[in-house]
Structures are given as structure tokens and as C-alpha cells.
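Here's the structure, in C-alpha cells; my notes come after.
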Amino acid sequence: MTAIDLDLDLLTIARAREELAAGRMSAVALTEAVLARIEARDGALNAYLHVDSHGALAQAEAADRRPGGGPLEGVPICVKDVIHVAGLPTTAGAAGWRRMPTRDAGAVARLRAAGAVIVGKGNTNEFAYGIDGRNPHHGDCCNPHDPTRVSGGSSAGPAVATSAGMALAGLGTDTTGSIRVPASLCGLVGVRPTLGRVSRAGVVPLAWSYDTVGPLARTVEDAAILLGVIAGGDPDDPVSSEHPVPEYRPGVDPDVRGLRIGLAEELIELAEPGIAAVLRETAGRLSSLGAEIVELRFERLRAARAIHRVVQLAETSQVHAPWFDEQRERYAEPVRRLLEAGSLIPATRYLAAQQARRLLIDDVARAMAGIDVLLAPATPLVAPARDAATVLVGGGETEDLRTALLSCVLPISQLGWPALSVPIGTDDALPFGMQVVGRPYTERLLLRVAAVVERWLPWPERRPRPATEL
Amino acid sequence: MPDPVQIAALARAAGRELPPERVGPAGEVLAEVIALAETLDDLPLEDVEPVLGPPGHR
């Protein structure tokens, strides 16, 4: 049986591993099917900046020669092009900036050790400095549900590749929302782990206070498998944690009985009415399964935008300092001016913002006393058109696209806590997701809640329509 | 908004000198950021430890 017989559009990592382990499918056949899909569709979707066909097939052949194998043996994965893969170029989605790493990033090394097939490098906003997946140098990444719409970013390529069958999963980064937003807009599960849960070694930084590495996958179980592989301490990353890595897969019959689940009211109010209604309906269904739902408000949440702007701008500017003068003329203008301004932010302003951030974290922690997880929209709207500069948001107001897409994820990013996006609905066939947020190292609980939610919109019902129907 | 002379001086002090044509664009963004930063001025920051390092690790 081949991957095509199994239907690449329905295949999950869990199912692929069953078929591969049983010898009913070969890793080479699966990789060939993925490469054929890339050949057929990536011209229109632009998920990949670099495809390593030869290397991927060699990895697949090696996987087929290894009996048993690791949890990702033979599974094709797209890696965001700010994450180093040995022997493949890292361009960070930029113009004229290129590194040729000889070592895998920490998370990639773990994927490889688990048997994954690294197919190639995924498209991203320039230096991951964006939330929509648009790229002026290499072309926009396009939403597989409707290629006239944004994919979300900046982990755009891994999201689109996973959604469109050009990989079975993706490895991305999330600083402000760059896993959760494309997951929401492309109908995937995306996990922003606890800051430090996954090694950042070998990743081009965006902002040290916020950067995380995490999975994008078709299902909660697949996301859990990936997280279990990549989580853990790394001597090459001083920020990474040795906190024990549990079994993240939710198991056969996850439930929410007895959980106290908070609703982030200020964030729900930002969403389009249809999305807010589906989120509340989802909470209602969780309540009917034995969870207690509590409406929460956070006094300090409105400070998040100012905090983030100051901290990220200053840090990102310093990340680019070593190469900025040489690269200056090659940046797209919006990124260039942000980097130039960031270098001018006084240290006093930066420190005050980080103090304000402490107040925000403490405020959320206090409000969440006795609450197990928090629910909020991942995006306040479905994927906007690729040529949109502004969008209509929940209150009927017009907002610039970037601010709108960031609005629900940015406040959560201040916490350093884990947050995932799980699909909860579609609007005219365009998906949207819900954030499930928890305290540090509670990813297992978040995935359990997400697994319950996922039953109401499983992958076959939210996958992109075949290209011939678009 | 800081004037171009101030922006240029700030850039020199930061060790990130700006070409003359970049002073204006950088100044515009900086003005917006400072305006946002000023919204934090009234917060009670006395005895508040800034987040320096992974914020979730307690």
C-alpha cells in the first residue's frame, strides 16, 4: 500500500507510523508522494524556500532499512527557514542573507534522531518578522483553503506544507504568535511550548524574551508526538529546561471532568461575532462534559501591546546588529525601519516594559488562581485576503491586518506560558482556532483539552478542499 | 517627536549611526514606540522585578 492509496490528504503521523511499522507502506513511497505533491502544488502555494528531494529520499531509504524505528521514523517534515538543518541553506526568508549550517538545530537533531525525514525549508516572513506569511523577496505563502488569502505567519511554510500534504507536520517558531496564527488560519494544531521547553539552539532569533520552537500538525495526537520528540534540555541552549518531559499524547478517551476552565473575556470580545459564538459554544460543550467554565478579566492585559512593542523592537534590533550595516539595503523597508528604530530605544524604557510585563504576568496568575486552563481566540477573524492592508474586526472597526492578527496571541505571549491553537470552526470553509493556555509545563493538560475539542471538528472535516475545487 | 538632530545623536550614542536619509523613518517609528511606552509610565513599578530571562520559570 502506498501513501497515495492511503490518501495523503487524510494521512496523519499516527496512521503513517502504523502503516510504516507494519510494513504496509514504505517511507520511500510516502516521501515520493509528498515530493510529487510539492511538485504539483507548491508553485501556487509557495510553502518551500528549499526542497531537498535527494536528501529526503536518502533519509527515507535509510528509514526503510531500519526495523522498528523511532516515533517519527519515515515521517516527512517541513522545517521553518529560520531553523538550521545541516547541509541545507538557512535564508530566514530574507534577501541576500544566507547561512550554511553544518549542524542541525537542537530541535532538528531530535527530529532526526526520531527518524523524521526533513523534506526542506519552509517559507517565512523576512527574518520571521511578521504574522501574515507574506514575503516580498521570495513570494507570499498562500493559504491552501483559498490561495488568494494569507496563510498566516511567520511559520507560514510549515503550516501550508502540513495542511496541503506537502509534509505530514511542520517545525516552526512562535515569538508573538507565529505558530498559533498560521495554525488557526490553516486549520491545524499548533503548539507554542513553555519558553525553554524546546531548545532554541540553531534558530535565528527574533526576540530572546519571547522566542519558542514548536510543532504544527494535523491532529492533537500528531502535535503531541512531535512535542514529545523535541522537548527537553539542551546543553547548547542555556535557556532550555531540564523539566521532565511527560507522555504528551492524550490517550484513547481524554476528558475534562472536574477542570476549571477560564474564558479570556477581553480577547473573546476582539473576535468577529461568529468566532466568539463558536468559542462560547465550545466552552458550553466542555461544560456539558463536566468542566466548570469561569469568565475572567485581566486588569493589566491592555498593557500587553506597549510592553511587547518596546521589548521586541529593542531585542530584535540587537539580534540583527552583527550584520545590519551589511544587510541594510536588502531589508524590506518596513523591517528596516523597525530595526533602525529599535536600536534607539533607551534601556530605561526597555527595563520599564519588562517590569510592566512582570505586573501583567502576576495579574494573570492571580486571576487564574484555581483555574486549570484559559481559552481565547487564536485569531479574531479567518484568513484575510493577501492584498488586504486593513480588516474589519469584532467591534465593527477597521484595523490594520498585522494588529488584528496579533491581537489575541500577543497578550498571551507575554507570559512565557504554553499555549496551543486547536481548530474549532470554519466560516465559509475558512478555518479558525482557539487558544488553550496553561501554566508553565502544563502542555500535557492543554493537549488533553484540545483532544476533547478536536472531536467536534476532526481533521477530515477541516482539511483543505482538493485543489481542483478551488 | 524627537527632532532629527536628537535622533542622529541617539543613534551615535547607541553605536548604531544612521545614514542621513534614515533618520526620518527611524524617528517616526521611535516616536510611535515612545508614545506606547509612555502608557506604561503610570504603572506601580516600585519594587517590581523586571522579566530578564524565561518568565515562566519560578
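The values are calculated or read from the model by the stated rules, or taken from the named source; none is laboratory data. Worth saying up front: this structure is predicted, and the values here are computed from it rather than measured. Methodologically, a virtual Cβ is constructed for each residue, glycine included, from the backbone with ideal geometry; neighbour enumeration extends over all protein chains shown.
Only one of the listed residues (A:I412, A:I371, A:I424) is of a type outside the set (D, E), over 21 Å from A:L216 (Cα atoms) and touching a residue at least 12 places away in the same chain (Cβ under 8 Å). That residue is A:I371. Residues in region A:315-329 that are more than 9 Å from chain B (Cβ to nearest Cβ) and in contact (Cβ under 8 Å) with a residue 12 or more places away in the chain were compared, and the one that is surrounded by the fewest Cβ atoms within 10 Å (Cβ to Cβ) is A:W323.
Regarding region B:3-14, can at least one residue be identified that is small (G, A, S) and at the interface with another protein chain (Cβ under 7 Å from one of its Cβ atoms)? Looking for residues that are small (G, A, S) and at the interface with another protein chain (Cβ under 7 Å from one of its Cβ atoms), one finds at least one in region B:3-14, hence yes.
In this structure, A:E397 does not qualify as touching a strand residue (DSSP E or B) at 6+ places or on another chain (Cβ under 9 Å), of a type outside the set (S, T, Y) and away from chain B (no Cβ under 14 Å).
Counting just the residues of region A:286-304 that are out of contact with any Asp or Glu (no Cβ under 9 Å at 6 or more places or on another chain) and surrounded by fewer than 15 Cβ atoms within 10 Å (Cβ to Cβ), which one comes out farthest from A:A376 (Cα to Cα)? The extreme case among them is A:S288. Of all residues in region A:435-461, those satisfying the criterion of being more than 23 Å from A:G196 (Cα to Cα) and modelled with pLDDT of 95 or more are A:A451, A:V452, A:V453, A:E454, A:R455, A:W456, A:L457, A:P458, A:W459. Residues that are crowded, with 19+ Cβ neighbours inside 10 Å, among the small types (G, A, S), in a strand (DSSP E or B) and away from chain B (no Cβ under 14 Å) do occur in region A:404-422.
With respect to the conditions (1) assigned to a helix (DSSP H, G or I); (2) of a type outside the set (A, V, I, L, M); (3) over 23 Å from A:T90 (Cα atoms), A:G70 lacks only one, and its number is (1). Of all residues in region A:243-262, one or more are in contact (Cβ under 8 Å) with a residue 60 or more places away in the chain, within 14 Å of chain B (Cβ to nearest Cβ) and either under 21 Å from A:E461 (Cβ atoms) or not aliphatic (A, V, I, L, M) (or both). Under the condition of being more than 24 Å from A:S155 (Cβ to Cβ) and of a type in the set (G, A, S), the residues counted in region A:360-411 number 7. With respect to the conditions (1) surrounded by 14 or more Cβ atoms within 10 Å (Cβ to Cβ); (2) more than 10 Å from every other protein chain (Cβ to nearest Cβ), A:V310 lacks only one, and its number is (2).
Rundown of residues vs (1) touching a residue at least 12 places away in the same chain (Cβ under 8 Å); (2) among the polar types (S, T, N, Q); (3) facing another protein chain (nearest Cβ under 9 Å); (4) on the phi > 0 side of the Ramachandran plot, yes/no style:
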| site | (1), (2), (3), (4) |
| --- | --- |
| B:A26 | yes, no, yes, no |
| B:A37 | no, no, yes, no |
| B:D42 | no, no, no, no |
| B:E46 | no, no, no, no |
| B:P50 | no, no, yes, no |
| B:G53 | no, no, yes, yes |
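When only residues in region A:1-56 that are modelled with pLDDT of 95 or more and of a type in the set (V, I, T) count, which is nearest to A:A128 (Cα to Cα)? Across region A:1-56, the extreme among qualifying residues is A:V51.
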